[in-house]
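Heads up: the structure comes next, in structure tokens.
FYI, it's all coordinate maths here, none of it is from the lab. Everything numeric here is computed off the predicted structure, so don't read it as measured data. Don't worry about glycine lacking a Cβ; one is built from the backbone with ideal geometry, like all the others, and counts go over all protein chains shown.
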Amino acid sequence: AASSVIGPIIPPSIIMVIYAYVMNVSVAALFLAGIIPGIMVGVGLMVVTAIIGKKRNYPKAHRRATTGEVWTAFKPAFLPLLTPVIILGGIVSGIVTPTEAAGAAVFYALVLSMLITRTVKPADLIGIFYRTGLVSSSILLIVGSATIFGWAATVSGVPQALGKMLFTITENPFLLLLLVNILLLFIGMFLDAVPAILILGPIFAPALAQVGVDPVHFAIIMCVNVTVGLVTPPMGMILFVASGLTRTGIEVISKELWPYLAVHFLVIILISMIPALTLTIPKLFGFM
């Protein structure tokens, strides 16, 4: 359950694409900004797992896989793994736009699955397109509604009012980020990442921009927070999914989850206090 939040952080990320669209931020910049936080989370979770495994004396593999066995396992996955390379490489290099990169990736996956791996038959396409249409239309409906909400909030001066309210508490941007982090984590426990970003992004981002918080920096902070909130006890939605799949009580999962949550919280604090962790790579590639 704890590792499930890495997906939305490591590019390519759907919630980053949605955030970029709604908040008019560079998709490529967000993708690049998520690399270091994603690696930090992954390494941290591996360290915690290794410590727990050693402490509880979990069984180890009797032997390491040989180079031949590794290659045999990797070879079938090589071509599918090129899909994110096409997306990221195309966007970061500037060859294609995010929309064109998505189309190219879909075309590549379609050719791969129909002509090479032969896991998809022509008769399956109707069902695939139908399910894709259902998912896409629901997301677009949410995005459209959130765009209207963001426009209404901006016209009504909600971000400015929120900024003034926050300034009455403190004008220190790091303390403001700490308060926003706590709020986003709490909201993430009850609200899925996409609606949380669509509803709160247009409110918090302009308010924090008034104290000098970079839009890309805050975007990553928000994406990490709302995804971590999904696994934060007692109401994180992923907890209920994990409980149903494993038939294990939520209280048991929550107890085992705290060391991993400590890693998530530490990463949130670090990326909030050290903007360079998120902004260095986008700057190196010229997106800022």
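Computed values, structure above
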item	result
Percent RCO, i.e. relative contact order, over region 8-125, from Cα pairs under 8 Å lying at least 6 residues apart	20
Length gained when the stretch LEU178-VAL155 is fully extended (0.36 nm per residue, less Cα-Cα span)	5.6 nm
Relative contact order (%) - region 52-184, alpha-carbon pairs under 8 angstrom, separation at least six	11
Spread of Cα-to-Cα distances over 10 Å intervals beginning at zero, given as percent, for region 203-288	16, 37, 26, 17, 4
Inter-label distance, nm, simple model (7 Å from Cα along the C-beta direction), VAL241/ILE95	3.2
Calculated FRET value between ARG131 and PHE78, using beta carbons and R₀ = 25 Å, to 0.05	0.40
The chain, relative contact order in percent, only Cα pairs under 8 angstrom and at least six apart counted	29
Within the chain, helix-based [θ] at 222 nm, where runs of 4 or more DSSP H residues each add -39,500 (n - 2.57), nearest 500	-25000 deg cm²/dmol
